[in-house]
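The values are calculated or read from the model by the stated rules, or taken from the named source; none is laboratory data. It should be emphasised that the depicted structure is a prediction, and the values quoted were computed from it without experimental measurement. Glycine gets a Cβ as well: all are built from the backbone with ideal geometry, and neighbour counts include every protein chain shown. Areas reflect the complete protein model, heavy atoms only, side chains present, ligands, DNA and RNA absent. Shrake-Rupley method; radii C 1.70, N 1.55, O 1.52, S 1.80 Å.
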Amino acid sequence: MKHTLEISGMRLLFDERLILSDVYMKIETGDTVGLLGRNGCGKTCLMRGVYGTLECEKSVIIDNISVYEAYKKPGLIRYLPQHHFIPKHLTLKRVFRDFAVDFERFTELFPVFQLRENTKIGHLSGGMHRLAELYVIIKSDTKFVLLDEPFTHISPVQIETIQSVIGEERPRKGFLITDHLFKRIQESCNRVYLLSNGKTHTVENDGDLKKLGYIMS
Amino acid sequence: MNFFKKIRLIFSFYNYFVWVSVFIDAACAYTLWQHGISVYKALFWLKLFSMGASFYLVNEYRKQEYFYFYNFGFSKKSLWIITLAFDLLLFFGLMILACQLR
């Protein structure tokens, strides 16, 4: 079944500074949508606004139903923040059980985690920690996944594996991804938006990015 | 989400301050057992202060980890109301026990 997430009318002010003013995005099951933007332009605010953990004026519609605090319905949206978010005292086994994700399959893809089921998250390296949290969010049972700078701390070969996992999940989910490596976003996403001056602009090619001041050449 | 999973997740959150809390409860119960009901008011305020301190410290040093619980549909408010209510009940229970054992 195809699901639709539509975001519009988002408006956010911080100390009278307008962060978001004219945002429109549409994500459907099977989409991988990229969101680009300079540092501090409001990408994270946009994601948290959609997720419902940041209060702002907005219209978030999922399957024709308006949702204000989407996070309260994990079956609709899951969100990977740009920082580590899994409590350090939990074991990998416990985290995978909470998200109802198969740990065996994870170790097949990332053998470095073999026999580490009972390791506490706090004892993993930054990259392994990121990989585990990214994987559970992508694989968990939900309709839409918001990934805020998911590839930070992860090695290129593991990024490729993660991209293949996203590919596997695409028939069942819609993805919104932010990242500063715009080439990777352009290659892996079927639609790209650039957030600039609080507004979203559709990006087709490098020329659009140059015109909007995101790249120089 | 089933009931036991909810309890497990809430306990994971409670885990941030449960040991400090149990230590304070035990110290309060021992003091009440030693000195009687006259010290109860002071112990109650000490407990409230420790709960406020837990709230502040978790918000200050563990705020990023709220997203783990958001991903299961818990709001910050619901996490704190449930855990602090349980924590206070535990305190009252131990105080009553200390009074009866005296």
Review point. Once you average over the residues of A:74-80, how many Cβ atoms of partner chains fall within 10 Å of each Cβ?
Key: 3
Point to revise | 1.4 Å probe, heavy atoms, protein only - residues of the stretch B:9-41 losing at least 20 Å² accessible area vs chain alone | key: B:Ser12, B:Asn15, B:Tyr16
**Study point:** For residues of B:61-68, the mean tally of beta carbons on other chains within 10 Å
**Key:** 6
Study note, to complete from the structure: Once both label points are put 7 Å beyond Cα along the C-beta direction, the A:Lys26-B:Phe92 separation in nm becomes 5.4 nm
Review point. Where the only charges are on Cβ atoms (+1 Lys, Arg; -1 Asp, Glu), what is the dipole of the protein assembly as shown about its Cα centre, to the nearest 20 debye?
Key: 660 debye
Practice item. Please check which bits of the stretch B:1-18 a label hung off B:Ile81 would reach, taking the label as a point 7 Å along Cα-to-C-beta and the cut-off as backbone N under 20 Å. Key: B:1-15
Study note, to complete from the structure: Magnitude of the Cβ-charge dipole (Lys and Arg +1, Asp and Glu -1) of the stretch A:72-168 about the Cα centre, nearest 20 debye, reported as 440 debye
Study note, to complete from the structure: With a 1.4 Å probe and ligands and nucleic acids left out, the total accessible area lost when A pairs with B, in Å² to the nearest 100, equals 1800 Å²
Point to revise | Under 5 Å, built H, 5+ apart or other chain: amide partners of A:Ile77 | key: A:Lys143, A:Phe144
Check your understanding: Once you charge only the Cβ atoms, +1 for Lys and Arg and -1 for Asp and Glu, what is the size of the charge dipole of chain B about its Cα centre, to the nearest 20 debye?
Key -> 220 debye
Point to revise | Accessible solvent surface per residue of chain B, calculated while the other protein chains remain in place, 1.4 angstrom probe, Å² | key: 59 Å²
**Study point:** Shielding by partners, peptide B:74-86 (average Cβ within 10 angstrom, other chains)
**Key:** 1
Point to revise | Solvent exposure of chain A as accessible area per residue, Å², 1.4 Å probe | key: 46 Å²
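What does the highest-first list of A:26-37, B:31-42 look like by mean Cβ count within 10 Å?
The densest-packed peptide leads the list: A:26-37, B:31-42.
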Revision key, fill the gap. Rounded to the nearest 500, the 222 nm mean residue ellipticity computed for chain B from DSSP H runs (n ≥ 4, each -39500 (n - 2.57)) alone is -27000 deg cm²/dmol
Exercise for review: Heavy atoms only, probe 1.4 Å: what % of the accessible area of the stretch A:20-81 goes to carbon and sulfur, would you let me know?
Suggested key: 45 percent
Practice item. Would you mind checking the pairs A:Lys88/A:Lys139; A:Lys72/B:Lys41; A:Lys120/B:Lys5 and listing those with alpha carbons more than 27 angstrom apart? Key: A:Lys72/B:Lys41
Revision key, fill the gap. Rounded to the nearest 5, the percent of DSSP beta bridges in the stretch A:70-217 running antiparallel is 40 percent
**Study point:** Part-to-part distance (alpha-carbon centres) for the stretch A:43-68 and the stretch B:47-102, which is given in Å
**Key:** 29 Å
Check your understanding: Setting aside same-chain residues fewer than 8 positions from A:Lys199, which aspartates and glutamates have a Cα under 20 Å from its Cα?
Key -> A:Glu6, A:Asp15, A:Glu16, A:Asp22, A:Glu55, A:Glu57, A:Asp148, A:Glu149, A:Asp179, A:Asp208
Check your understanding: Between A:Leu18 and B:Phe4, how many nm apart are label points set 7 Å from Cα along the C-beta direction?
Key -> 5.4 nm
Revision key, fill the gap. Under the 7 Å Cα-to-Cβ spin-label approximation, A:Ser59 and A:Glu117 lie apart by a distance in nanometres of 4.9 nm
Check your understanding: Taking each full run of DSSP H in chain B as one helix, which ones are at least 20 Å long along their axis (Cα atoms) and have mean Kyte-Doolittle hydropathy of at least -1.0?
Key -> B:18-35, B:40-61, B:76-101
Check your understanding: Relative contact order for chain A: what is it in percent, counting Cα pairs under 8 Å that are at least 6 residues apart?
Key -> 29 percent
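Between A:Asp208 and B:Lys63, what FRET efficiency follows from the Cβ-Cβ distance if R0 is 35 Å, with the result rounded to 0.05?
Using R0 = 35 Å, I get an efficiency of 0.45.
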